[in-house]
1. Which condition number in (1) buried (at least 18 other Cβ atoms within 10 Å of the Cβ); (2) at pLDDT 95 or above; (3) outside any strand (DSSP E or B) is the one that T66 fails?
2. Out of curiosity, is N137 of a type outside the set (A, V, I, L, M, F, W, C), over 25 Å from the mean Cα position of the chain (by Cα) and in a helix (DSSP H, G or I)?
3. Going through region 30-51 one residue at a time, which ones are modelled with pLDDT of 95 or more and more than 12 Å from W84 (Cβ to Cβ)?
4. In region 32-78, what count of residues is obtained for those that are in contact with a Gly (Cβ under 7 Å, 6 or more places away or on another chain) and of a type in the set (D, E)?
5. In region 218-228, how many residues are part of a loop (DSSP other than H, G, I, E, B) and either in contact (Cβ under 8 Å) with a residue 60 or more places away in the chain or within 17 Å of I194 (Cβ to Cβ) (or both)?
6. So which residues in region 229-247 are in a loop (DSSP other than H, G, I, E, B) and farther than 19 Å from T306 by Cα?
7. Determine whether S27 is modelled with pLDDT under 95, touching a Lys or Arg at 6+ places or on another chain (Cβ under 6 Å) and hydroxyl-bearing (S, T, Y).
8. Where residues in region 1-34 are among the basic types (K, R) and assigned to a loop (DSSP other than H, G, I, E, B), which of them is nearest to H248 (Cα to Cα)?
Amino acid sequence: MLITIDRDIKKLHGIFEPHFSVQYLNSNGISKESLRDSNALIVRSTRKYGAETLLGTKVKFIGTVTSGFEHIDTEFCERSGVFWATAHGSNAKSVAEYISAALVEISKKTARPLNELSLGIVGVGAVGGEVKKAAENFGMRLLLCDPPKNLNDDIFDADIITLHTPLEKGGKYPTLHLANEEFFRKMKKGAWLINAARGAVCDSEALRQALQGKHLGGAVIDVWENEPGIDETLLPLIEIATPHIAGHSTEAKINAANMLIKSVGEFFNIEELKNKTLPIPQNSGNGSYSIRKDDLDFRKEPKKFTEIRNGYNRFGG
């Protein structure tokens, strides 16, 4: 059997060779032609995968090392008998670590202790749940909004709102431009926004207006509309800006790799892969994460968004 893997998923190099023929390709090199004889495909979220890539190939399994799966045409997969798998929840602690660091910086900037601030969490799934635990440890008052779980949605009283939803363009609970002009108008004056979910969950132009008009106190942005080609004119208005790295800790990457290894093992019934676990390095989680350094590094060369993100590593989470 042949498995194709995005070559930038370094943690999976050498893992499948005892059981598959393996080809490692740049994401741009993954095409219908290069996949024609592949039985499985493992990808990142750098591009879309659907009929234009998979139709007419032997691919029966596609897995992504990300929590989200907007880049996979799941409807096509289900119609065509292609099993799809994600690493849902693998980066939850990593993102919570990022949000914790952001909260500390907001506390410093506003000269207000966190136990006197309230946090609104939009989306209380795997990631939002970890953020909730971190905020509870800070002694913050919590306001939770997660319509499918029917939780309290009175979040606009919060001093800080953090977004942790998937990107849904339709359905009962669409999240495309969830944080829009009306959303920001409802936020109380001086409140802060954090977005480490998906770029298009936040309307960039509405955010610009809310910041320029001084209605918002500030923003921490890790994910951007149209990334990696972001609107660099927005950068000076953002207090902390990073290139989609909140979930990119070493532990998160290993967690994601382990989830995909197990998924492949279960789909192809390979016992060794079902039980294989890559170890977490001993110096992971040393508590020394500097979100300001990530912000500074990104601002120096924002056009290198993809390069910075691909080469990023931090211990923790």
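1. (2)
2. On the way: of a type outside the set (A, V, I, L, M, F, W, C): yes; over 25 Å from the mean Cα position of the chain (by Cα): no; in a helix (DSSP H, G or I): yes.
Criteria not met by N137.
3. Start the filter on region 30-51 by keeping residues that are modelled with pLDDT of 95 or more, which leaves 30-43, 49-51.
Within region 30-51, I30, S31, K32, E33, S34, L35, R36, D37, S38, N39, A51 meet the criteria.
4. 1
5. The initial filter retains those residues of region 218-228 that are part of a loop (DSSP other than H, G, I, E, B), namely 222-228.
From what's left, either in contact (Cβ under 8 Å) with a residue 60 or more places away in the chain or within 17 Å of I194 (Cβ to Cβ) (or both): 222-225, 227-228.
Selection size over region 218-228: 6.
6. Within region 229-247, I238, E239 qualify.
7. Details: modelled with pLDDT under 95: yes; touching a Lys or Arg at 6+ places or on another chain (Cβ under 6 Å): yes; hydroxyl-bearing (S, T, Y): yes.
When the stated conditions are applied, S27 passes them.
8. Going residue by residue through region 1-34, those that are among the basic types (K, R) are 7, 10-11, 32.
Subsequent filtering for residues that are assigned to a loop (DSSP other than H, G, I, E, B) retains 7, 32.
On the way: R7: 17, K32: 29 Å.
Checking each candidate, the answer is R7.
The values are calculated or read from the model by the stated rules, or taken from the named source; none is laboratory data. Here the structure is a predicted model, which means the values were calculated and not measured. Quick reminder, even Gly has a Cβ in these numbers, built from the backbone with ideal geometry, and neighbours come from all protein chains shown.
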